[in-house]
Amino acid sequence: MRIQYQELCDTLSSILEKRGMSHSDAVLSAHLFADASRDGVYTHGLNRFPLYVSYIDRGFIDVSARAELESRVGLIERWKGNKGPGNINAHMAMQRAIELSHESAIGVVALRDNNHWMRAGNYGLQAAENGCIGILWTNAMPNMPAWGASDARIGNNPLVIAVPYKDTPVLVDIAMSMFSYGKLERYAMEGRECPVDGGFDEKGNLTKDPVAIARTRRLLPMGYWKGSGLAIALDLVASLVSGGRTTKDIGELEVETGVSQFFMAIDLSLFPDRDEMERKIGETLEFIDSSDPVKESVKVHYPGEGMRRIREESMKLGVYADESVWEKISGLI
C-alpha cells in the first residue's frame, strides 16, 4: 500500500507525543523514520517503528533524555547519549560535527550510551546537504560470527560515507554483513530468497534462505574475512574514542542499547579548490554511469543515485508500506 508522506509523519509523531516526547522531537523522529521509507529503506523506516515504540514502552529508550557534551580532546568532542531516542541523538551528533567542521574543516563527535540510530544514511545525507563529506558508523550487539567462527561475537556495525554532489549525493550505507537483519526480515516477509548467499544454515552450509540465517544468527560478513576484520576495527574505534561500550559489553545487556557511535564531517566549502572538486566528482560519477551494463535493461549507477528516483516517486504517489506493518503502527495510536 502507499501512504502520503505527510500522513506518515503526522501519524508517527502523534504516537510519540502520546508517549511523552516533546512535539518538536516527535516531529523530528517521525520525519527520520518517514524519510527512510520514502527513500526505499523500509527495513529501517516504518518496519522498525513498532520495535522503537516497544523499547520506549519497556523503558529502554528515555524519550526525555538527550545527548550531552562530556569533554573535548583536540578536535574531537565526546558526548553521552543517556539512552535517549537513538535517531534524535544521532541527528544532534551529526549536526554538531557539521558545526565543528565549519570552524576547522573537520569536525568529529564520538557518542556513547546511545540507542539504535535507525537508518544510518539519514545522517550521511544530513552532512551532504550541508556541503560536507560525512563519515559515520556505529557498533552493535554481537550479531555476526567473526570469520572462521560459528557463534556471534562481533557486530555487523553499519558504516556510512556520503559525498555531496548537486541534488544527488554519493551515499554508501552498508552493514559489515552481506545483509542486515532488517533486510533478512523483509525478504522473509515477501517470501523471497536473498539474491546471493547471506549466511549459514543449521548444517553450516551457505544459504540464501533468510529464515534459516535469522534462526542460526550466522550472518556472512561482506568480503568474508575482510568484512569481519573491518567490523572489529570499527567497533574498537567507536568505543575507544567515545569512551563507550564495545560490542562485547553490549552483548551483556538485556537488549541492544548503550551503543557507541562515531560522526565525522569535512566541510568542502573551506577548501580553495572547491570548484575543481565538483568537477572531479561529476566526471567520476559520469564515467561510472557510462559503464557497459551486464544486462542492457539494468543501468549502472553510483551509490545513492537510485534513491532519487524512489524518493520522487514516493512524494508523488505515496510512500510504500507493508500492510501488516501499517496495521501494527495504526494500533499504537
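The criterion of at least 2 residues that are over 19 Å from Pro158 (Cα atoms), of a type in the set (Lys, Arg) and modelled with pLDDT of 95 or more is met, among helices (runs of 4 or more DSSP H) falling completely within segment 216-313, by 274-289. Out of the residues in segment 51-88 that are in contact with a strand residue (DSSP E or B) (Cβ under 6 Å, 6 or more places away or on another chain) and acidic (Asp, Glu), state the one that is least open to solvent (accessible area, probe 1.4 Å). Among them, the one singled out is Glu77. When residues in segment 114-133 are screened for being in contact with a His (Cβ under 9 Å, 6 or more places away or on another chain) and under 13 Å from Gln95 (Cβ atoms), 5 of them pass. Do we have Lys208 as more than 17 Å from the chain's Cα centre (by Cα), surrounded by fewer than 23 Cβ atoms within 10 Å (Cβ to Cβ) and within 16 Å of Asp151 (Cα to Cα) here? No; evaluated as a whole, the condition is false for this residue.
Among the residues making up segment 314-323, a single one is assigned to a helix (DSSP H, G or I) and open to solvent by less than 60 Å² (accessible area, probe 1.4 Å): Ser314. Within the set Arg96, Arg112, Arg119, the sole residue that is under 15 Å from the mean Cα position of the chain (by Cα), crowded, with 20+ Cβ neighbours inside 10 Å and of a type in the set (Lys, Arg) turns out to be Arg119.
The values are calculated or read from the model by the stated rules, or taken from the named source; none is laboratory data. Treat the numbers as computed from the prediction; the structure is a model and nothing was measured. All Cβ positions, even for glycine, are placed from backbone atoms using ideal geometry, and neighbour counts span all protein chains on display. For the accessible areas, the whole protein counts, side chains as well, though only heavy atoms, and no ligand, DNA or RNA atoms are used. Shrake-Rupley method; radii C 1.70, N 1.55, O 1.52, S 1.80 Å.
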